[in-house]
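Have a look at the structure below before the remarks.
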């Protein structure tokens, strides 16, 4: 072994066991693009989001849950969007909406909790990791010190892909956050793990509060309802003078085991109107070119509908990516409804870690292999 | 002669010491700090008088006293609506838009009444331990009003959980599986042999008995789902009803055993697995002892649980009397849940509000809306209770409760200004924003009364020992006493621990 190599390896070894907690020095200045993640909680029905409307098997499997062919917003002769996503059609026409079909992973787990854990930690199906994939990425490659936070979780209690991140905060709206932040104080260290967690959160609050400006108002009209408010908060955060690398918003209610059509139509409308408003606000704030918006969910749903007019837990699903630097179009592969697995579920076409690798590598210029602990080919949806 | 005697005497002394050593800790009085630790873990806060009452007991005396007080029924009568018949779903579907809206408002109101009743029971029951165990099972067999949409059924499930809270886990599992609220929540009510719904079959293994990844596969879930087909509801009364036409009476293979199983037989197959006792014991450990279960202790306690055929009392007696429970490093090792914080603070500081609705809303804002867990996995708890949003919410709540009466005139305009900010920020208030505002308004009626409370605290008691499970992080200001000291203690990060 050459001396130089030896030095490199010996430097790398201590990192292997504890890399989640290793603090790399944050660069003092500089900038970093923004990622807005939209979690579709409960397992979104990919087949009724991006509808294979021309496939006769679709109508056969979906006796009571198919979208009418005439209602589908046609994208290609084979695929169309759910009618609730109407507000995304201008983005598609502008070639700034990418649709990745067949996102999933090998040996799919059909439990909500386990599968979202796999997505959040970017683990293998049978591997248990504690830290979120973004927390690992930021531990290796911190955002500039001038940033208000690595990540902000809007309106949800779980930190998801930011779990374990040093500079991540959760809030419902910035005004309230700042009003309350005066009650927090930066305090010392402890051996009690629970107390250490509380002190770490206090420190994050104090540090982020110094750099958040809640004043931004928009011309853009935001939809009413909790998701519309979360989108407004996301837009305010995107416009914050001190940077933020990730904003995560959540739309819940996708676990449609029964009477799916009406419920799902309503969710799609909320999603479409929310994303439409977000795009408008990002353009208004001059951030459309430096932001990528991407959806994710723990799994899709089973192609065949069940007896209750709903669908049970599935596997691979379609996801949406939009932004000024997104290369619009269809990626991955159309659902193969004639090649279902033993549970009647879809085989996956693209590993979800390729989806992440594309963001890490192409959007942030990070070492995706290291953060994801494996090699996953990147996709072409970013210019 | 002496030389030969000596070893005997020394041997005898030695064995005597051996006998004494294990006795020593458990035969001693638990003292003020021990009693505070014990009562805060098994209940929701504790007053100075209660702590002093327990301080003179030994571990086993304390544990036995709490177990002897266990109840099977609530002390307070439930809200009157639970006696009215529940609204059948088909009748709701037949309603026009206006009637549906009215019905939805009624359901929400009844849900709030139910939560207020439960919080009042937690606050005033002579056996807070019963309520803590009921809440534990509610989290274990998590069922949410948001899907069940029926206060009567939620109350019936709550009564079931209380009845077996310190009864038998096997009995409870069988009863919960046929409980109407659960049948609705996990979709089993409509499961038919032609297309079994797997939701309940999956969660009964993953969350209720074996634990994720513990020796079962997709195939076992599908087979078990067939066994549960036909466990349904009477469409008019919403009571449990077996529908033979829905049931798949064929042969199934579950966890390596084959037979024409029905649902009860599948539950017995699950209960026969050693993983079930270990899974439930681990969860109880995290609730009562520490966030990091001790593998060999859990195995020992799980064996007690199995030997006693899933009787809960012997397991809890062994767990609460264990050295691990009383170890100094476990004092303050758990993070208070929102209900610990809200109900525990009201109880410890003897704040007795006329209405508990603001307390229900406060717990909800902090992430724990009783009767509405986030999903079937329940509240994740532990560190997940605390993030920047919820920690600030907790501090704001405590700040408000302990502001003291003399600060009120000054506080009112500040809060009015905050409300205006909120209104500006949210032209169309979200349910969350409305909830927060209702909570904030309600909280103005809650105030800690230092003069009254201080008279109930014994001169010999230390307010810090009563309020905090671990030493304060921030030193009190020089000479702080009275209300100022209490305000300092409850704002300390250590107040979030139990």
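None of the figures in this text is laboratory data; all of them are computed from the coordinates on show. Remember, predicted model here, so these are calculated numbers, not experimental data. Virtual Cβ from ideal backbone geometry, glycine too; neighbours counted across all protein chains shown.
Per-structure values
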quantity: Cα-based convex hull, region B:270-387, per residue volume (Å³, whole number); calculated: 141
quantity: Region B:274-330: radius of gyration over Cα atoms, expressed as a fraction of 2.2 N^0.38 Å; calculated: 1.00
quantity: Directionally averaged shadow of region B:18-142, computed from the convex hull of its alpha-carbon atoms, nm²; calculated: 10.6
quantity: Solvent-free Debye scattering, log10 I(q)/I(0), computed from the Cα coordinates of region A:145-215 at q = 0.13, 0.16, 0.28 Å⁻¹; calculated: -0.36, -0.55, -1.45
quantity: Largest-first ellipsoid semi-axes for region B:171-262, taking √(5λ) over the Cα gyration tensor eigenvalues, angstrom; calculated: 21, 16, 10
quantity: C-alpha long axis of helix A:3-18 to longest principal axis of chain A, angle in °; calculated: 70
quantity: Residue order, fewest to most beta carbons within 10 Å, for A:244, B:30; calculated: B:30, A:244
quantity: Label-to-label distance, nm, for residues given as residue B:75 and residue B:384 (7 Å Cα→Cβ offset); calculated: 3.3
quantity: Whole-Å semi-axes of region A:130-186's equivalent ellipsoid (Cα gyration tensor); calculated: 21, 14, 9
quantity: Inverse mean reciprocal Cα-Cα distance (Kirkwood Rh) of the protein assembly as shown, Å; calculated: 29.2
quantity: Volume of the Cα convex hull of chain A, divided per residue and given in Å³; calculated: 157
quantity: Residue B:65-residue B:101 FRET efficiency (beta carbon distance; Förster radius 60 Å; 0.05 resolution); calculated: 0.75
quantity: Tilt relative to chain A, helix A:226-238 - C-alpha long axis, 0 to 90 degrees, to 10; calculated: 40
quantity: D_trans [Stokes-Einstein, Kirkwood Rh over alpha-carbon pairs] for region A:210-331, 10 °C, 1.306 mPa s, µm² s⁻¹; calculated: 99
quantity: Tilt relative to chain A, helix A:112-121 - C-alpha long axis, 0 to 90 degrees, to 10; calculated: 50
quantity: Three-way shape label, region A:27-102, alpha-carbon gyration tensor, a/c 1.5; calculated: prolate
quantity: Neighbour-count order for B:371, B:122, fewest beta carbons within 10 angstrom listed first; calculated: B:371, B:122
quantity: 10 °C / 1.306 mPa s Stokes-Einstein diffusion coefficient of chain B, Kirkwood radius on C-alpha pairs, µm²/s; calculated: 64
quantity: Coarse-grained scattering of region A:306-383 at q = 0.11, 0.23 Å⁻¹, given as base-10 log I(q)/I(0) from a Debye sum over alpha-carbon atoms; calculated: -0.39, -1.07
